[in-house]
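Just so it is clear, none of the values below were taken in a lab; they were calculated from the coordinates. What you are looking at is a predicted structure, and each value in this text was computed from that prediction instead of being measured. All Cβ positions, even for glycine, are placed from backbone atoms using ideal geometry, and neighbour counts span all protein chains on display.
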Amino acid sequence: MVGLRWILTLVVALLVVLNAAFIAIFDPLSNAPYRELFDEAETQDFSRLAWSEAFEELHGHLSRAYAMGEWKRTDWRALHGATAPKIAAAAANHDRDGYSRALREYLWSLHDAHVGLAGADTQRVAATQGGYGFALIHLDDGRTVAHVLIENGPAASQGMRWGATLLSWNGVPIDEAVARTPELWNASPPATAEGLRLARLRLLARAPVGTQATVVFRNLDETATHVVTLRAVNDDFEPLKRAGQRHQFSLAARNIEVRVLPEGIGYLKIRAELPTLPQLLPERVARQAIERFASAGVHRVIIDVRGNFGGADKLVPSVMGYFVDRRYFYEGVTLYRAKTQQFEVEPIGTQWTEPREPRIAGPVAVLVDETCVSSGEGFGLVARQLPGGHVVGFHGTYGSFGISGAEVKMPAGLTVEYPNGRSVDEHGQVQVDSDWRMEGGIVPDVRVPLTLENVRAQFRDGHDIVLETAIRIMK
């Protein structure tokens, strides 16, 4: 017991020191005056109010302090009108699940990954814990196919083979069934139209354990169709993991992977802008990687941020500084001030991508996907400004780039999270975050075609087609 207590004490001490060092180096909000402004917006606490009263306070606060309300042209009156009766009904029935669901529907309609509801994960897990043994993807030719198939899973046991085309779901044509699928149980609100379609594709094949679905499909190289009834089983989300939809990040593992590819191209994989125990200072790790590339005569680099879920914003211009020959504006910040109830420019938040040594003079390609979010999207933001820079992927990034971290405490143990700051370009225009049309994110200038051949290679045969595409264009 003494040994365990000593180890825990050491870990806590290490985390405290690490946190202080990391924030001092990377966190643009670490400056004291700026921090005070940010904290001011984080102190809202309506948890002691009645449920309906707390919702009214929350609604009033978000209509002022939510950073993207104007950018997304949020219709606050319509949103309130659709939600308030559900809140009142839940309150009258003392229905916590109904209350949290109404709040979730309200928040998810904002289409922003930085908006969230903590304290109600059990509902989401229960709603999506079951799977039918496959995951779906929509090909460029219009087919919706099973690009992940679990051996001995419900679908495989009923005759489905990899690459099967889904034709209908519970009597509804597959495209219509996907469009009808609510995005409510997605882990975070989809921000772009593309992200929304992808979320619905994922969620169609998820359900509470035991749910039945009648599916019509046609296997490859067959003319006959199969009509089967599948029952959802607890599969530990394995289809989503194989489809790359579950973040692979651990504080105990290396966050940054570095190697020189056989083609003489440098490869830098960054899973998040965060420290881990093996890599306490990621900026130093990145610098050492660039020095290794330079000493080896490597002049072309691929930065892989697929699945990157963000972190310290400053790390992005720091890393990308090795690829620029002049100063590039990275971002400005407008932050909500509670005292004036206005969004105002915060000079402390302005960042530039400054040239750094050793400089990599050759082209850079950034690999992205739909799960690359927040500061992870910044690498593509810089790359697309550079001569010879490319963004490569099957899909664009998430489209949620604002300054996150503000929260409101609500009754029933729930906490609403939201961004109270905007990332803006040098003209003061919101950048990367999706707008009222659900357009945004970093869109690849080199889109990898979603053909059956590419999907088979990527998801079944163990090839990395996105990386291979980047290597081809670099060569």
Where in the range 396-438 is the amide nitrogen less than 12 Å from a point lying 7 Å along the Cα-to-Cβ axis of S63?
-> none
Rounded FRET efficiency, nearest 0.05, which uses the C-beta distance separating R447 from A361 and R0 of 35 Å = 0.85
Ranked from highest to lowest mean number of other Cβ atoms within 10 Å per residue, what is the order of the peptides 436-443, 137-144?
-> 436-443, 137-144
For R254 and E238 in one chain, what is 0.36 nm times their gap in residues minus the Cα-Cα distance, to one decimal in nm?
-> 3.5 nm
So for the range 215-357, using the alpha carbon gyration tensor with a ≥ b ≥ c as root eigenvalues (a/c under 1.5 gives rounded; past that, a/b versus b/c decides prolate or oblate), I'd call it oblate
Most packed first (mean Cβ within 10 Å per residue), the peptides 271-279, 232-240 order as 271-279, 232-240
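Among 344-350, 75-81, how do they line up from the highest to the lowest mean number of other beta-carbon atoms within 10 Å? Spell out each step's value before the answer.
Numbers: 344-350: 15.4, 75-81: 13.0.
Answer by packing, highest mean first, reads 344-350, 75-81.
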For the chain, what class follows from the C-alpha gyration tensor (a ≥ b ≥ c being the square roots of its eigenvalues): rounded when a/c is under 1.5, otherwise prolate if a/b is larger than b/c, else oblate?
-> oblate
Can you tell me the relative contact order of the chain? Whole percent, Cα pairs under 8 Å, sequence separation 6 or more.
-> 18
Note on the chain, DSSP bridge orientation, antiparallel percent to nearest 5 equals 75
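What FRET efficiency, computed as 1/(1 + (r/R0)^6) with R0 = 35 Å and r the Cβ-Cβ distance, is obtained for T43 and D325, rounded to the nearest 0.05?
Once rounded, the FRET efficiency stands at 0.20.
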Helix-only mean residue ellipticity at 222 nm for the chain, each DSSP H run of n ≥ 4 adding -39500 (n - 2.57), per residue, nearest 500 | -10000 deg cm²/dmol
Find how many whole Å separate the alpha carbon centroid of the range 395-468 from the alpha carbon centroid of the range 259-295.
-> 23
Ratio Rg/Rh, restricted to the range 132-242 and using Cα atoms, in which Rh is the Kirkwood radius | 0.93
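Can you flag which of K241/K314; K269/K409; K269/K475; K314/K409 are past 27 Å Cα-Cα?
Too far apart for the 27 Å limit: K241/K314; K269/K409; K314/K409.
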Mind giving me the FRET efficiency for L261 and T122? R0 is 35 Å, r the Cβ-Cβ distance, nearest 0.05 is fine.
-> 0.20
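Which whole DSSP H helices in the chain pass both tests: a Cα extent of 15 Å or more along the axis and a mean Kyte-Doolittle value no lower than 0.5?
The qualifying helices are 2-26.
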